[in-house]
Amino acid sequence: MQLQSYQYDTFRRHARAVIEPAVIHHWKTSQDAMLERLSQESKVILGGDMRADSPGHSAKFGSYTVMDLSTNTVVDIQLVQSNEVGGSYHMEKEGLVRSLALLEARGVTLDCIVTDRHPQIQKFLRDRNITQYYDVWHMAKGISKKLEKISKQKGCEKLQKWLKSINNHIYWTAATSTTGPERVAKWTSIVNHVQNIHTHEDPLFPKCLHDARQTRDKKKWLQPATPPFYKMFPN
Ligand SMILES: [Zn+2]
């Protein structure tokens with residue numbers, strides 16, 4: 001097409017000299033303002049998670065992101081290289097450690113932090129006496145994976161009809177509960193619901209909230225003491 005265009009080298013030179021410094025300057029300025037605002041607040045709730053450059057356990061780089069959950073804004077990103085911390089497994093904790101050190105240096109007081117269930121993170125936060133909650137995305141993913149596996153076993157195919165509803169139920173439970181016991185009551189009501197029982201013993205959640213309409217698919221209900229039921233609720 002004979003289109004005139006600048007060379008990649010030229011683009012890189014401009015990026016290095018102009019674009020990148022501008023991006024970094026803008027980020028630093030807005031991060032400063034965010035940290036200043038957060039340091040004025042008494043109870044900051046954060047979310048944190050690691051993103052790696054490749055799936056599995058062979059990542060070379062990971063970036064740990066910390067987010068202020070009341071405004072859904074990213075407060076800090078730490079880039080960690082696996083060989084500086086003794087392997088990719090250790091990147092997650094190191095990223096969090098660095099972010100928390102920055103927040104502490106800027107006078108930010110944490111109320112609690114929401115993360116996945118990475119064992120090193122759990123131990124670190126416990127040792128530091130920081131309240132930790134598990135994020136619902138990782139919980140739902142873990143539970144769904146297990147249920148999917150069970151639903152592929154012989155005799156448990158019925159469970160497949162429930163995978164989506166149960167996943168929704170996890171998110172709904174997390175989003176609508178204000179206390180721990182309420183969460184437990186709502187979450188465990190699923191044991192009854194899948195058996196076509198919609199009133200529950202726990203006074204914190206005595207009744208399902210859905211319409212009492214008749215389902216067209218009567219075969220979906222599970223019977224107690226059948227493989228899909230006891231594999232789903234082993235206790
Ligand atoms: Zn129900």
- Cα-Cα pairs above 24 Å in the chain: how many percent? 62 percent
- Message: If I take R0 = 30 Å and measure r between the Cβ atoms of Ala105 and Leu69 in this structure, what FRET efficiency does the formula 1/(1 + (r/R0)^6) give, to the nearest 0.05?
- Response: 0.90
- What residues of region 191-230 lie in the reach of a label at Gln160, counting those whose backbone N is under 11 Å from a point 7 Å from the Cα along Cα→Cβ? none
- Item | With eigenvalues of the C-alpha gyration tensor scaled by 5 and rooted, region 189-230, Å | 19, 15, 5
- Note on the structure: With only helices counted (DSSP H, runs n ≥ 4, each -39500 (n - 2.57)), the per-residue ellipticity at 222 nm for the chain, to the nearest 500, works out to -13500 deg cm²/dmol
- Item | Relative contact order (%) - region 42-134, alpha-carbon pairs under 8 angstrom, separation at least six | 28 percent
- Between the helical axis of 180-193 and the dominant principal axis of the chain, each derived from Cα atoms, what acute angle in degrees is found, rounded to the nearest 10? 50 degrees
- Calculate the radius of gyration of the Cα atoms of region 42-134 to one decimal place, then report Dmax, the largest Cα-Cα distance, as a whole number, both in Å. 12.7, 39
- Message: Neighbour counts of other C-beta atoms within 10 Å: give me Cys156, Cys112 arranged from fewest to most.
- Response: Cys112, Cys156
- Considering the alpha-carbon set of region 136-232 alone, what are its Rg and its Dmax in angstrom? 13.5, 39
- Query: Working from the pairwise distances between different alpha carbons, so that the mean of 1/r is found and then inverted, what is region 1-43's Kirkwood radius in Å?
  - Reply: 13.2 Å
- Item | Among 69-76, 45-52, the order from most to least packed when residues are scored by Cβ within 10 Å on average | 45-52, 69-76
- Task: Can you figure out the FRET efficiency of Phe233 with His90, using R₀ = 35 Å and their beta-carbon distance, to the nearest 0.05?
- Result: 0.45
- Message: Let's see if you can work this out: charge +1 on each Lys and Arg Cβ, -1 on each Asp and Glu Cβ, no other charges. What is the dipole magnitude of the chain about its Cα centre, in debye to the nearest 20?
- Response: 1300 debye
- Task: Pull up the cross-link candidates among the lysines for Lys43, meaning alpha carbon to alpha carbon under 26 Å and not fewer than 8 places away within one chain.
- Result: Lys28, Lys93, Lys123
- Message: If each residue of separation counts as 0.36 nm, what is the full-extension length gain between Ala22 and Glu36 once their alpha-carbon separation is subtracted?
- Response: 2.9 nm
- Message: For region 2-136, give me the percentage of DSSP beta bridges that are antiparallel, rounded to the nearest 5 percent.
- Response: 70 percent
- Efficiency of FRET between Val184 and Phe11 - r from beta-carbon atoms, R0 45 angstrom, step 0.05: 0.20
- Message: Running a GNM on the chain with Cα contacts under 10 Å, which residue among His14, His138, His169 ends up with the highest mean-square fluctuation?
- Response: His14
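Every number in this text was worked out from the coordinates using simple rules, so none of it is lab data. Treat the numbers as computed from the prediction; the structure is a model and nothing was measured. Please note: Cβ atoms are built from the backbone with ideal geometry, for glycine as well, and neighbour counts cover all protein chains shown.
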